[in-house]
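Asks: Just dropping this structure here.
The values are calculated or read from the model by the stated rules, or taken from the named source; none is laboratory data. Keep in mind the model is a prediction, meaning the values are calculated, not measured. Please note: Cβ atoms are built from the backbone with ideal geometry, for glycine as well, and neighbour counts cover all protein chains shown. Quick note on the areas: whole protein, heavy atoms, side chains included, nothing else; ligands and nucleic acids left out. Shrake-Rupley method; radii C 1.70, N 1.55, O 1.52, S 1.80 Å.
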Amino acid sequence: MPIEVNTRTPTSTTIISSDVLVAGGGAAGIGAAVAAARAGAKVVLLERYGFLGGLATTAQVGTICGLYLRDTAGAEPTPVARGFPIEFARRLQKRSTSQPMRVDPGLWVLPYSPPAFAGVADAFVAEAGNITLILHATLSETRTENARLVEVRALAWNEPLILRAAAVVDCTGEATTGALTGGEVEDGATDQAPSLVFALENVDPALASRGLIEVRRELRTAVEQGALPAICERLSIVPGTGSNGRFAFKLSLTPAHPDHPLWQLVSDWEREARALVERLREFLVANVAAFRDARLESVAPQLGVRSGRRILGRARLTDKTVLTAGKSQSGVARGAWPMERWCTAPRPEMTYFDERAYYDIPLDCLRMKTIENVFVAGRCLSAETGAMTSARVIGTAMATGFAAGTAAAFQAGGKSMEDAIKFVREALS
């Protein structure tokens, strides 16, 4: 059945009714929308950019983490679970003409092309058949009644919308719905440092095998002499790039200052980081032979924000659960990526658990405490700080999205959460 759209209101505001509303079209939101649609729900998917993918496309992350078990010995990667993330990855792999690669110590990632990611997301949404996609849309207000979210207001290309759904899945990365409803949320903006990805062309392809040892030596000297800021030492290569002399680089910034509002920090980060990229390119061209003819090809349109606002849910994913690979009878997604904390050091702090192990994420980590019909996924889920540094990655976000979308559709259809958990767990095995 089509989505119900009524534009005849006294204020000329369009009203759109559906079974499930998904806010955010990143990895989690794509998983949520497709899951809800496959469960028979009429779905509305809101995305603030003109394309899908979230940070996977706007921040040009370049690799999907969290799809495979950590394994230092195996010749091929082992998926952490069956289900939608692997289905998506296999199609993305074909479209990007890429293969999973192992980075030390035993971590498998899938390199991808950001335009290919957006294209595969478009295809899955179109094939679902009952997803109404609304691009250039941002949430502005919510209305709750009797512990339920009954109405969401948004702007889509600066036109007001009223959205009414039986269930909502918040995949905004900032728990926007939870915050607007007055629900219990916590701000994790200071937990992790963001990063900016940029691409250089005409770089010596041999850099891919040599790595950045020479580059880091020159950067360290420049920092010590005051020619470059210390942040330039936080440069790294995005794995899987370097073909035909085109390399993507990641420049990790410094964590947010707790005394400044996040909107101000993000604005400053974006502007200052882009200016720094050009200084850095000029330095590399002048001082490192591999970059002698390098040109700036592109800069990601948005910073890669690793941590933001998240809910305090009915359950909380704990650091202990992650590090002991804890299991749960209500687990609806699996995490296999180690804790990866980007703070002030040039490299991330990695905390590993056992090889070929995974932990479960219970459904109640994806549910708000006080609002019955709001689910969350991705970086919005309820987790301790260390646990979030593992669960935030793209592969795990897509898995939590699929679980939350399934649960939302089941609730909208009058089915129990126990049935939703059983359905998702069977799909994982």
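Asks: Expressed as an acute angle from 0 to 90° and rounded to the nearest 10, what is the orientation of the C-alpha long axis of helix 394-412 relative to the principal long axis of the chain?
Replies: 0 degrees
Asks: Could I ask something else about it? Considering Cα pairs under 8 angstrom that are at least six residues apart, work out the relative contact order of segment 101-197 and quote it in whole percent.
Replies: Numbers: 82 pairs, mean separation 14.8, N = 97.
With pairs under 8 Å counted, the relative contact order is 15 percent.
Asks: In the chain, what % of DSSP beta bridges are antiparallel (nearest 5)?
Replies: Details: 48 of 70 bridges.
Antiparallel bridges: around 70 percent, rounded to the nearest 5.
Asks: Among Thr241, Thr144, Thr190, which one shows the highest mean-square fluctuation when the chain is modelled as a Gaussian network with alpha-carbon springs under 10 Å?
Replies: Sorting by GNM fluctuation, first place goes to Thr144.
Asks: Please list 394-402, 54-62, 298-306 highest first by mean number of surrounding beta-carbon atoms within 10 Å per residue.
Replies: Details: 394-402: 31.0, 54-62: 24.9, 298-306: 19.9.
Per-residue mean Cβ counts within 10 Å order the peptides as 394-402, 54-62, 298-306.
Asks: Please say if segment 274-349 is rounded, prolate or oblate, where rounded means a/c under 1.5 for a ≥ b ≥ c the square roots of the C-alpha gyration tensor eigenvalues, and otherwise the choice is prolate for a/b larger than b/c and oblate otherwise?
Replies: Working: a/c = 3.45, a/b = 2.72, b/c = 1.27.
It is prolate, given that a/c is not under 1.5 and a/b is the larger ratio.
Asks: Let me ask something additional. Could you tell me the accessible area of Asp19 in Å² (1.4 Å probe, neighbours in place), rounded to the nearest ten?
Replies: Result for Asp19: roughly 50 Å² accessible.
Asks: Let me ask another. Please give the helix 114-128 orientation as an angle from the longest Cα principal axis of the chain, in degrees from 0 to 90, rounded to the nearest 10.
Replies: 20 degrees
Asks: Taking all protein chains in place and a 1.4 Å probe, what share, in percent, of the accessible surface of the chain do carbon and sulfur account for?
Replies: On the way: 8820 of 17790 Å².
Reported share for carbon and sulfur atoms: 50 percent.
Asks: Right, next: Which ³J(HN,Hα) values in Hz, rounded to whole numbers, follow from the phi angles of segment 310-318 under the Karplus curve 6.51 cos²θ - 1.76 cosθ + 1.60, where θ = phi - 60° and Gly and Pro get x?
Replies: 9, 7, 9, x, 5, 9, 9, 6, 9
Asks: What number, in percent, do you get for the relative contact order of segment 174-313 if the mean sequence gap of Cα pairs under 8 Å and at least 6 apart is divided by its residue count?
Replies: On the way: 218 pairs, mean separation 64.0, N = 140.
Answer for segment 174-313 is 46 percent.
Asks: Going by alpha carbons, how many degrees (0 to 90, nearest 10) lie between the helix axis of 262-287 and the longest principal axis of the chain?
Replies: 30 degrees
Asks: Springs between alpha-carbon pairs under 10 angstrom, Gaussian network model over the chain: which of Pro239, Pro105, Pro346 fluctuates most?
Replies: So, out of Pro239, Pro105, Pro346, the one fluctuating most is Pro105.
Asks: If we count every other residue with Cβ under 11 angstrom of Gly24's Cβ, Lys/Arg +1 and Asp/Glu -1, where does the sum land?
Replies: On the way: positive: Arg48, Arg379; negative: Glu47, Asp170, Glu174.
It works out to a net charge of -1.
Asks: Right, here's the next one. Once you order the gyration tensor axes a ≥ b ≥ c over the Cα atoms, which shape class does segment 118-200 get: rounded for a/c under 1.5, otherwise prolate or oblate by comparing a/b with b/c? Working shown, then result.
Replies: Values: a/c = 1.95, a/b = 1.13, b/c = 1.73.
Verdict is oblate for segment 118-200.
Asks: Moving on. Let a ≥ b ≥ c be the square roots of the eigenvalues of the Cα gyration tensor of segment 239-316; is it rounded (a/c under 1.5), or, if not, prolate (a/b larger than b/c) or oblate? Write down the numbers at each step before the final one.
Replies: On the way: a/c = 3.41, a/b = 1.94, b/c = 1.76.
It comes out prolate by the Cα gyration axes.
Asks: Which of the peptides 347-353, 405-411 is most tightly packed, and how do the rest follow, going by the mean number of other Cβ atoms within 10 Å of each residue?
Replies: On the way: 347-353: 15.0, 405-411: 28.9.
Highest mean packing first, the order is 405-411, 347-353.
Asks: If you find the alpha carbon centre of segment 155-206 and of segment 11-43, how far apart are they in angstrom?
Replies: 16 Å
Asks: With an 8 Å cut-off on Cα pairs and a minimum separation of 6 or more residues, tell me the relative contact order of the chain in percent.
Replies: Details: 1040 pairs, mean separation 99.3, N = 429.
23 percent.
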